[in-house]
Amino acid sequence: MTGLAMLCFLGHGETSASPEFGETVQKGINWIMDKGKAQNGVLTENGRIDQPGSYTHGIVTYALGEYYTMTQDERAGEVFKQAIKLIVDGQGPVGGWMYSYDKSQSDTSVTGWQIQALKIAHLSGLNIEGVDAAMDKAMLNLKRVQTANGGFGYRTPEDRYNLSGIGLLCTYFWKASKDESVTKGLKYIMSQLEAHPVEYKHATADLYGWYYNTQAIFMVSGANGPEWKKWNAMFQDQLILSQKQDGPAAGSWPVMTHAAHGGLQTDDAGAGPYYRTTLAILMLEVYYRYAAPNAKGGGALGGSHGGSSLDKPMGSALDSPKPDKKPPAK
């Protein structure tokens, strides 16, 4: 959860130099760096890249790379390079990643976080060996699990709605090319909205899928695109109206109906509230975290950031005006 929380702060333009949240960011980054230094670059709680650690290492590496890219903190850079090398070395022969970095199979969900970490490594200015080759190979794997309908599968070609946003986002933001796989992927996701309504309490609601769909649709469609306008009109209201407004948990997001992702969507006492809240925040930051492809100042991801720096490898969020904390009107 620390990695997801750091991504939220960084996506909002907060670093250790920020007046309001700087101390919090620094504590989180220090904790990550201490883990990495003690564990030879393994960024997990227990020092192992096991089943949950496959996700954790990818997410935390992504966050540390964002921090380094925004601050140029050399201490973070050294740990980040070690962590990225583990991801490069953990890639399987088909181009994906699996639990425990088992190279005999590939898991699209695990793969998505490794690709996001590699993307920021590509843009970090650190010139880490093997990153671009790993990304090129990963793209072949995503094409391997995509169907003729445009959907993406788990390990084989399947039309899996909750995984298709991962495939679409990761395919598009490596080369920012709207090739056939991208256009088919967007069309497939939009075709599933009746079967999978964007309703917080719906029986099929999947916050993890929404996280990827939100970024993918925004980037591929553009801020003025019909697909984004349709998605935005649905997800924005659902998140804002569902957020807790009162009590000690004000600002967080409540339990959902669909018990997905190890019960994190329905967990009300453990990690669940943090999981739901971080994903919701990252979705609501999309308006300034990534400028849309047709926005002025487009970059490698199709736009410039007001917050994090995936397409501004040597820049800082502090160079940009503070973003409006409220999403724009639909």
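Just one residue in the set Arg75, Arg48 is among the basic types (Lys, Arg), assigned to a helix (DSSP H, G or I) and surrounded by fewer than 22 Cβ atoms within 10 Å (Cβ to Cβ); that residue is Arg75.
This table checks each residue for (1) closer than 21 Å to Arg160 by Cβ; (2) crowded, with 16+ Cβ neighbours inside 10 Å; (3) without any contact (Cβ under 8 Å) to a residue 12 or more places away in the chain.
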site	(1), (2), (3)
Tyr211	yes, yes, no
Gln215	yes, yes, no
Ala233	no, no, no
Gln236	no, yes, no
Ala249	no, no, no
Ser252	no, yes, no
Gln265	yes, yes, no
Ala280	no, yes, no
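Scanning segment 92-142 for residues that are in a helix (DSSP H, G or I) and among the aromatic types (Phe, Trp, Tyr) returns Tyr99, Tyr101, Trp113.
Against the criterion of being part of a loop (DSSP other than H, G, I, E, B), at pLDDT below 50 and farther than 22 Å from Ser16 by Cβ, Gly270 does not qualify. Annotation: Ile189 fulfils all but one of (1) part of a helix (DSSP H, G or I); (2) among the aliphatic types (A, V, I, L, M); (3) in contact (Cβ under 8 Å) with a residue 40 or more places away in the chain; the unmet one is (3). Within the option set Ala133, Ala117, being of a type in the set (Gly, Ala, Ser), surrounded by fewer than 21 Cβ atoms within 10 Å (Cβ to Cβ) and either within 20 Å of Thr44 (Cα to Cα) or modelled with pLDDT of 95 or more (or both) holds for one residue only, Ala133.
This table checks each residue for (1) in contact (Cβ under 8 Å) with a residue 12 or more places away in the chain; (2) surrounded by fewer than 21 Cβ atoms within 10 Å (Cβ to Cβ); (3) out of contact with any strand residue (DSSP E or B) (no Cβ under 9 Å at 6 or more places or on another chain).
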| position | (1), (2), (3) |
| --- | --- |
| Val145 | yes, no, no |
| Asp159 | yes, yes, no |
| Leu163 | yes, no, no |
| Thr171 | yes, no, no |
| Ser177 | no, yes, yes |
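Take the conditions of a type in the set (S, T, N, Q), within 23 Å of Gly262 (Cβ to Cβ), under 20 Å from the mean Cα position of the chain (by Cα) and surrounded by 24 or more Cβ atoms within 10 Å (Cβ to Cβ) and apply them to Ser109. Does it pass? For Ser109, the condition - of a type in the set (S, T, N, Q), within 23 Å of Gly262 (Cβ to Cβ), under 20 Å from the mean Cα position of the chain (by Cα) and surrounded by 24 or more Cβ atoms within 10 Å (Cβ to Cβ) - is not met.
For segment 97-106, name all the residues that are over 17 Å from the mean Cα position of the chain (by Cα) and crowded, with 19+ Cβ neighbours inside 10 Å.
Met98, Tyr101, Ser106
Of all residues in segment 35-45, those satisfying the criterion of being surrounded by 13 or more Cβ atoms within 10 Å (Cβ to Cβ), touching a residue at least 12 places away in the same chain (Cβ under 8 Å) and not in a helix (DSSP H, G or I) are Gly41, Val42, Leu43, Thr44. The residue pairs whose first member lies in segment 76-92 and is within 16 Å of Ile29 (Cβ to Cβ) and touching a residue at least 12 places away in the same chain (Cβ under 8 Å), whose second member is among the aromatic types (Phe, Trp, Tyr) and buried (at least 19 other Cβ atoms within 10 Å of the Cβ), and whose beta carbons are closer than 6 Å, counting only pairs six or more residues apart or on different chains, are Ala76/Tyr67; Ala76/Tyr68; Gly77/Tyr68; Phe80/Tyr68. Scanning segment 1-34 for residues that are outside any loop (DSSP other than H, G, I, E, B) and in contact (Cβ under 8 Å) with a residue 12 or more places away in the chain yields a total of 17. Do the conditions hold for Thr24, that is, is it more than 20 Å from the chain's Cα centre (by Cα), β-branched (Val, Ile, Thr) and within 25 Å of Tyr211 (Cα to Cα)? Spelling it out, Thr24 is indeed more than 20 Å from the chain's Cα centre (by Cα), β-branched (Val, Ile, Thr) and within 25 Å of Tyr211 (Cα to Cα).
The values are calculated or read from the model by the stated rules, or taken from the named source; none is laboratory data. Predicted model only: the values in this text are computed from it and were never measured. A quick note on method: Cβ atoms are made from the backbone with ideal geometry, for glycine too, and the neighbour counts reach across all protein chains shown.
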